[in-house]
Amino acid sequence: MTVEPIHAATSGPSFRARLGATLAHRTVWPVLALALILIVDGFVSPGFFTIRIVEGRLFGSLIDILYRAMPTAMVALGMAVVIGTKGIDLSVGSTIAITGAVIAWRIHAGDSHLLILFLALGVGVLCGLWNGFLVAVLDIQPIIATLILMTSGRGIGLMINLVYGGTNPSFLSPLLQSLSVGHVGLVPTRIIVGAVLFFLLWLLLRRTALGLFLEAVGDNARAADLSGVGARFVRYAAYLISGVYAAAAGVVLTADTHTSDPVSEGLYIELDAILAVVIGGGSLSGGRIYLGATMLGALVIQALTTSILTSGVPPEYNLVVKAFVVIVVLLLQSKNARGLVVRLARARAR
Amino acid sequence: MNETYRPLAATVAVFTALFLTGGALYNNFLSTLVLGDILADNAFVIIAAIGTTFVIISGGIDLSIGSMIGFVGVVMANLDTVGWHPLASAALMLAFGLGFGALQGLVIDFCEIQPFIVTLAGLFLLRGACFMINLDSVPIRHPFVLVFSGASIPLPGDGFLASSAIVMLVSLVAAVVIAHFTRFGSYVYAIGGDRVSAALMGVPMRRTIVGIYALGGFYSALGGVIYALYTSSGYPLAGTGTELSAIASVVLGGTVLTGGVGLVAGTLVGGMILGLIATLINFNGSLNGAWIMISSGALLFVFIVLQRSLIGASRLRSAP
């Protein structure tokens, strides 16, 4: 091992090389995007960065962004795993709808609320088992396989609502609501729940061989299979994880409104989750799982939504602004587009 | 049977079986009237799906279809209020669809970003543009709309072929010609089959990919024009979710999502199967919205598994 000369760090080419290496690192762009959005917010709405303590809990726009980003972030974590295996899970919104319907149903049936929490996660397991069966056992293309549950899942939620004659039943559950809108000490509980879920998944992927297997299958399923990684089982596991994480988001979202609304609960959350994974640098062609960057991606999306709402731009402009930011982030991540910008800038300087 | 036509045969068999089931369950179901209605009601989805077929055969995907349909309708309705003839605004929107699709294709190829994400941004952009123009439904009052919706060709039996169905069939014929009798068509199959080999054999990648998405944009804009004329209005939420119906039509029509395999003609039958499901549920009359969602999901599942067994799973399993 050789020792680097100290002056290399300050000399020109090495610094540029370092800058290049930093810019090429995948987490730079979501961090820059997030910073840019927050800086603009700081200028547009004064006091954006103040965090106060109101009624014994942290309060402020930054906390609000974290708070609201959690359901999407949970879904996106599971999505990152599925996308890492070269798959996709369009059914997460439907899983959330079914979870909500089951929670309302069992609470009205009088089950203990701790049991209901596990039942809700069990819904996620069932949805994951179904998707995994289609993708891993029947070998159906993931988009189409999960499209089946996406189309029918909200219908299943409505049917569960109808079982006891209610549409959009509401309920009260101190346990579930404390997980969603409550707070431990100063910190909102759902931020802690999100952090714990992130940490658990990180342990599962990076402290066991599962993460390596998932990425191997996503990179080249056949090669992984031939080298003794059971591609079928590994893909099954990915959809199970996605189902359970979507169900966790379902618990948070349902307890937030304490109503089961299968038609609109978690609508389009699959698009936001996929977007979060991609902003975090994950490729839809599989082979890589970036959990931390995916969390950042979810924060970028929520920061954008929050800042549009707080800056007084009419809500009709929400989608267009979102589309432009997505395009800019994607162009920044693209090597060719960066090269074009650099060439244009040089041509102008000359 | 030739391997290329087996998925199409499987789709036709499924359609026939469903149609006969409907005939066994309900009186007057087996008629050209029902067939003509299915064609007319689903013309806009099938037209959009025809464009998507090219995109999917090339191994890509286009999610911006539904938003394009909504956007085209909203712009046409607003141009109608300032006195444009619907045909003039339709021509403008077709050109817009072509240009927007080409831009999406350029971004996909030049920036090497996945089509799923680029067209997702397209979905947000166009739907957001709809909301920016107006939030309510705007009627199209030009007399041409009545002329258009009144025009039809009688079929044997009680049925008739509505003008929207005629436009759909003409655009299908054009698509079949493009896919199977032009150099561009074989480029599309080559890129979908094996991208690297296609590039090595001299397929002009950028031109072809831009062309594919331009074609997709053109066909979804045409679907939007037909939808606007058929409903004689522009509504900013129109066409929400149509991209999923279009993709489902393409897949039910026997095209494989991994690219390289598929027939444009199959998309017509795939779209008609989806239309047939909705018609069957409407004929029953006593089923609520939840049943429509569950049964269309269940039927999608049954068809996919059925097709898999009919065309032999082994060949698909070896696909990457």
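The values are calculated or read from the model by the stated rules, or taken from the named source; none is laboratory data. Please read these numbers as outputs of a predicted model, since none were measured by experiment. Cβ placement follows ideal geometry from the backbone for every residue including glycine, while neighbour counts extend to all protein chains displayed.
When you scan the range A:316-324, do you find a residue that is within 11 Å of chain B (Cβ to nearest Cβ), of a type in the set (D, E), part of a helix (DSSP H, G or I) and out of contact with any Lys or Arg (no Cβ under 8 Å at 6 or more places or on another chain), even just one?
Yes, some residue in the range A:316-324 is within 11 Å of chain B (Cβ to nearest Cβ), of a type in the set (D, E), part of a helix (DSSP H, G or I) and out of contact with any Lys or Arg (no Cβ under 8 Å at 6 or more places or on another chain).
Among the residues of the range A:286-308, is there at least one that is surrounded by fewer than 20 Cβ atoms within 10 Å (Cβ to Cβ), modelled with pLDDT under 85 and not basic (K, R)?
no
When you scan the range A:156-182, how many residues do you find that are touching a residue at least 60 places away in the same chain (Cβ under 8 Å) and either within 14 Å of chain B (Cβ to nearest Cβ) or farther than 15 Å from A:W105 by Cα (or both)?
Qualifying residue count, the range A:156-182: 13.
Is there a residue in the range A:250-270 that is closer than 15 Å to A:T99 by Cβ, free of Cβ contacts under 8 Å to residues at least 24 places away in the same chain, of a type in the set (S, T, Y) and within 14 Å of chain B (Cβ to nearest Cβ)?
yes
I'd like to know if the range B:83-91 contains one or more residues that are under 16 Å from the mean Cα position of the chain (by Cα) and either part of a helix (DSSP H, G or I) or buried (at least 23 other Cβ atoms within 10 Å of the Cβ) (or both).
Step one: of the range B:83-91, the residues under 16 Å from the mean Cα position of the chain (by Cα) are none.
There is no residue in the range B:83-91 that is under 16 Å from the mean Cα position of the chain (by Cα) and either part of a helix (DSSP H, G or I) or buried (at least 23 other Cβ atoms within 10 Å of the Cβ) (or both).
Among the residues of the range B:246-267, what is the count of those that are in contact with a Leu (Cβ under 7 Å, 6 or more places away or on another chain) and surrounded by fewer than 24 Cβ atoms within 10 Å (Cβ to Cβ)?
3
For the range A:30-84, how many residues are surrounded by 14 or more Cβ atoms within 10 Å (Cβ to Cβ), touching a strand residue (DSSP E or B) at 6+ places or on another chain (Cβ under 9 Å) and not charged (D, E, K, R)?
Residues that pass the stated criteria total 7.
Considering only residues of the range A:200-239 that are within 21 Å of A:V75 (Cα to Cα) and among the hydroxyl-bearing types (S, T, Y), which is surrounded by the fewest Cβ atoms within 10 Å (Cβ to Cβ)?
So the residue we want is A:Y236.
Report yes if some residue within the range B:236-243 is surrounded by fewer than 22 Cβ atoms within 10 Å (Cβ to Cβ), more than 11 Å from chain A (Cβ to nearest Cβ) and at pLDDT below 90; otherwise report no. If you could, list the steps in order and put the result at the bottom.
If we filter the range B:236-243 for residues that are surrounded by fewer than 22 Cβ atoms within 10 Å (Cβ to Cβ), which is where we start, we get B:237, B:240-241.
Now drop any that are not more than 11 Å from chain A (Cβ to nearest Cβ), which leaves B:237.
Now narrow it down to the ones that are at pLDDT below 90: B:237.
Looking for residues that are surrounded by fewer than 22 Cβ atoms within 10 Å (Cβ to Cβ), more than 11 Å from chain A (Cβ to nearest Cβ) and at pLDDT below 90, one finds at least one in the range B:236-243, hence yes.
Can you tell me which residues in the range B:24-68 are among the hydroxyl-bearing types (S, T, Y) and either within 14 Å of another protein chain (Cβ to nearest Cβ) or surrounded by fewer than 21 Cβ atoms within 10 Å (Cβ to Cβ) (or both)?
Within the range B:24-68, the first condition is being among the hydroxyl-bearing types (S, T, Y), and the residues that meet it are B:26, B:31-32, B:52-53, B:58, B:64, B:67.
Matches in the range B:24-68: B:Y26, B:S31, B:T32, B:T52, B:S64, B:S67.
Just to be sure I understand, how many residues within the range A:127-152 are touching a Ser or Thr at 6+ places or on another chain (Cβ under 6 Å), within 11 Å of another protein chain (Cβ to nearest Cβ) and of a type in the set (A, V, I, L, M, F, W, C)?
2
Looking at (1) modelled with pLDDT of 90 or more; (2) within 18 Å of B:R207 (Cα to Cα), can you tell me which one B:I113 breaks?
Only one criterion in (1) modelled with pLDDT of 90 or more; (2) within 18 Å of B:R207 (Cα to Cα) is unmet by B:I113, namely (1).
Yes or no: A:V278 more than 10 Å from every other protein chain (Cβ to nearest Cβ), within 14 Å of A:V28 (Cα to Cα) and either of a type in the set (K, R) or part of a helix (DSSP H, G or I) (or both)?
Answer is no for this residue.
Do any helices (runs of 4 or more DSSP H) entirely within the range A:162-269 hold 2 or more residues that are at pLDDT 90 or above and under 22 Å from A:S285 (Cα atoms), and if so, which?
A:189-206, A:210-219, A:231-257
Take A:L275 and decide whether it is at negative phi, of a type outside the set (V, I, T), touching a Gly at 6+ places or on another chain (Cβ under 8 Å) and at pLDDT 90 or above.
no
To keep it simple, each residue is scored yes or no on (1) touching a residue at least 40 places away in the same chain (Cβ under 8 Å); (2) more than 12 Å from chain A (Cβ to nearest Cβ); (3) under 14 Å from B:T52 (Cβ atoms); (4) not polar (S, T, N, Q).
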site: B:I247; (1), (2), (3), (4): yes, no, yes, yes
site: B:V256; (1), (2), (3), (4): yes, no, yes, yes
site: B:V264; (1), (2), (3), (4): yes, yes, yes, yes
site: B:L268; (1), (2), (3), (4): yes, yes, yes, yes
site: B:G271; (1), (2), (3), (4): yes, yes, yes, yes
site: B:G275; (1), (2), (3), (4): yes, yes, no, yes
site: B:T279; (1), (2), (3), (4): yes, yes, no, no
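Go through (1) in contact (Cβ under 8 Å) with a residue 24 or more places away in the chain; (2) farther than 25 Å from A:G153 by Cβ; (3) not acidic (D, E) one by one and return the number of the condition A:R232 breaks.
Checking A:R232 against (1) in contact (Cβ under 8 Å) with a residue 24 or more places away in the chain; (2) farther than 25 Å from A:G153 by Cβ; (3) not acidic (D, E), the one that fails is (2).
How do the helices (runs of 4 or more DSSP H) wholly within the range B:244-320 filter down when requiring 1 or more residues that are over 17 Å from B:G60 (Cα atoms) and modelled with pLDDT under 75: which remain?
On the way: elements: B:264-284, B:289-311, B:313-317.
Those helices (runs of 4 or more DSSP H) span B:289-311, B:313-317.
Working carefully through the options B:V188, B:V196, find the one that is aliphatic (A, V, I, L, M), under 19 Å from the mean Cα position of the chain (by Cα) and in a helix (DSSP H, G or I).
Selected residue: B:V188, the only one of B:V188, B:V196 that is aliphatic (A, V, I, L, M), under 19 Å from the mean Cα position of the chain (by Cα) and in a helix (DSSP H, G or I).
Could you look through the range B:152-167, keep only residues that are surrounded by fewer than 13 Cβ atoms within 10 Å (Cβ to Cβ) and assigned to a loop (DSSP other than H, G, I, E, B), and pick out the one that is nearest to the other protein chains (Cβ to nearest Cβ)?
Going through the qualifying residues, I end up with B:D158.
Using the structure shown, decide if A:F118 is within 30 Å of A:L58 (Cα to Cα), aromatic (F, W, Y) and either touching a His at 6+ places or on another chain (Cβ under 9 Å) or surrounded by fewer than 20 Cβ atoms within 10 Å (Cβ to Cβ) (or both).
Working: within 30 Å of A:L58 (Cα to Cα): yes; aromatic (F, W, Y): yes; either touching a His at 6+ places or on another chain (Cβ under 9 Å) or surrounded by fewer than 20 Cβ atoms within 10 Å (Cβ to Cβ) (or both): yes.
Considered against the rule, which asks whether it is within 30 Å of A:L58 (Cα to Cα), aromatic (F, W, Y) and either touching a His at 6+ places or on another chain (Cβ under 9 Å) or surrounded by fewer than 20 Cβ atoms within 10 Å (Cβ to Cβ) (or both), A:F118 comes out as yes.
Filter the range B:105-151 down to the residues that are within 23 Å of the chain's Cα centre (by Cα) and at the interface with another protein chain (Cβ under 7 Å from one of its Cβ atoms) and list them by number.
Those that are within 23 Å of the chain's Cα centre (by Cα) and at the interface with another protein chain (Cβ under 7 Å from one of its Cβ atoms): B:Q114, B:F116, B:I117, B:L120, B:A121, B:F124, B:L125, B:R127, B:G128, B:A129.
Report, by residue number, each residue of the range A:281-315 that is farther than 30 Å from B:F71 by Cα, of a type outside the set (F, W, Y) and either within 12 Å of chain B (Cβ to nearest Cβ) or not in a helix (DSSP H, G or I) (or both). Outline the logic, then answer.
Going through the range A:281-315, the residues farther than 30 Å from B:F71 by Cα turn out to be A:281-282, A:285-296.
Retained after the next criterion (residues that are of a type outside the set (F, W, Y)): A:281-282, A:285-289, A:291-296.
Hits for the range A:281-315 are A:G281, A:G282, A:S285, A:G286, A:G287, A:R288, A:I289.
Within the bounds of the range B:222-231, is there any residue that is over 13 Å from the mean Cα position of the chain (by Cα), in a loop (DSSP other than H, G, I, E, B) and away from chain A (no Cβ under 12 Å)?
Looking through the range B:222-231, none of the residues is over 13 Å from the mean Cα position of the chain (by Cα), in a loop (DSSP other than H, G, I, E, B) and away from chain A (no Cβ under 12 Å).
Which residue out of A:G124, A:G110, A:G60 is within 29 Å of B:T240 (Cα to Cα) and away from every other protein chain (no Cβ under 14 Å)? Before the answer, list the steps.
Details: A:G110 fails: within 29 Å of B:T240 (Cα to Cα); A:G60 fails: within 29 Å of B:T240 (Cα to Cα).
Matching residue, one of A:G124, A:G110, A:G60: A:G124.
Taking the condition within 18 Å of B:A214 (Cβ to Cβ) and buried (at least 20 other Cβ atoms within 10 Å of the Cβ), does B:G73 pass?
no
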